[in-house]
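Structure first, commentary second.
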Amino acid sequence: MKLEALIFDVDGTLADTEEAHRLGFNQAFREHGLDWNWSKPQYAELLRTTGGKERIGAYLDGLPLDPAERLALRQRIADIHKTKTAIYARMVGAGEAPLRDGVERLLDEARAAGVRLAIATTTTFDNVRSLLVTNLGNDALERFEVIGAGDQVARKKPAPDIYEYVLQRLGLPPGACVALEDSANGLAAAKAANLYTIVTPSYWTRDEDFGAADLLLPGLGSAARPLVHQAAMLGGNSVLGVREIDAGLQAAGPRAPELRAL
Ligand code: XBP
Ligand code: MG
């Protein structure tokens, strides 16, 4: 099936945003009078829980609290998270989360080739807007036909829900789309939605297991940082473009449910 759409994860895939998220959480905790401070190693563990509100909840679960205290703090999660989202927007707006190498190139190439673009993320929609508008200009959101984000679905990654939501809104079968991810949770979500999945790990996810990925690359590649060692795998090209992605999708053959439908 011909490549019709690229579906991008956001955090870690479009940009290395997790340090801005971590600092945002910590500042929000301080502003809410809490003495919590998530270190980098601790945050790497906490990232196993996707979704900021859920992540705060998982952290609370690990604290030695009496039930009343735990409940009272649980009821404050939404407020704390709102503060964190505002702090994150300011940080991203100040240029602290540039796009990863090759991302803008691939987005431009896809547009020129008539390949549709979408987003499937667990992060809050406002964060997607801050990141895209800061890095790609005011009309950045219009580049993406569907933006699936945050609480639009009941279950976050690794559940397939956000990918299924995006596929449904695109009106496309998984076999015509490719997902781009950076984490094991994201990969599991995309594969559970039966998508061909390309993984470009980030600082936070580089030690995770990506054995299920259809294509694993250190990045998308650019003239400044060509994928020298992967060029043979990419038909001689040292950057990942629409042509290479389509070739990978064709080589992988039909996705399982489509096969079953034959
Ligand atoms: C990343 C996440 C998010 C962010 C924080 O998911 O798990 O929770 O860390 O964002 P993805 P929020 O890579 O799928 O974008 O605080 O807005 O949830
Ligand atoms: Mg991610």
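Since every read-out is calculated from the coordinates, none of them should be taken as a lab result. What you see is a predicted model, and the numbers here were worked out from it, not measured in a lab. Positions of Cβ are backbone-derived with ideal geometry, glycine not excepted, and every protein chain shown enters the neighbour counts.
Annotations
- Amide hydrogen neighbours beyond the local backbone of I147, cut-off 5 Å, H modeled: I119
- When the Cα positions of T122, G211, G137 are compared along the charge dipole of the chain, T122 comes out farthest toward the positive end, with charges on each C-beta of Lys, Arg, Asp and Glu.
- Taken one residue at a time, the phi angles of segment 168-184 give Karplus couplings (6.51, -1.76, 1.60, θ = phi - 60°) of 5, 5, 6, x, 10, x, x, x, 9, 10, 10, 9, 10, 9, 10, 10, 5 Hz. Gly and Pro are set to x.
- For segment 55-78 versus segment 184-199, the spacing of their alpha-carbon centroids is 31 Å.
- Among L187, P67, T200 - extreme Cα towards positive end, dipole of the chain, charges at beta-carbon: P67
- Basic side chains Lys and Arg get +1 at the Cβ, acidic Asp and Glu get -1 at the Cβ, and with that the dipole of segment 89-129 about its Cα centre reaches some 120 debye.
- DSSP assigns beta bridges within the chain; of those with both partners inside it, close to 5 percent run antiparallel.
- Dividing the helix sum by the residues of the chain, where each DSSP H run of 4 or more adds -39500 (n - 2.57), gives a mean residue ellipticity at 222 nm of -13000 deg cm²/dmol.
- In sequence order, calculated HN-Hα J values of segment 65-77 (Karplus, 6.51, -1.76, 1.60; Hz; x Gly/Pro): 10, 7, x, 5, 4, 4, 4, 4, 5, 4, 6, 9, 4
- P(r) tail, the chain: Cα-Cα pairs separated by more than 25 Å, 44% of all pairs.
- Cα-projected label distance for A247 with Q152, points at 7 Å along beta-carbon direction, nm: 3.2 nm
- Residues with amide H under 5 Å from that of S222, placed H, sequence gap 5 or more: L227
- Under the Karplus curve 6.51 cos²θ - 1.76 cosθ + 1.60, θ = phi - 60°, whole-Hz ³J(HN,Hα) for segment 40-50, x wherever Gly or Pro sits: 4, x, 5, 5, 4, 5, 5, 5, 4, 8, 7
- Built amide H within the under 5 Å cut-off of R116, gap 5+: A5, L6
- Taking Cα atoms only, the orientation of helix 18-31 departs from the longest principal axis of the chain by about 20 degrees.
- Whichever lysines have a C-alpha closer than 20 Å to that of K84, once near sequence neighbours (fewer than 8 apart) are set aside: K40, K53, K156
- Helix 125-136 axis versus longest C-alpha principal axis of the chain: approximately 60°, rounded to the nearest ten.
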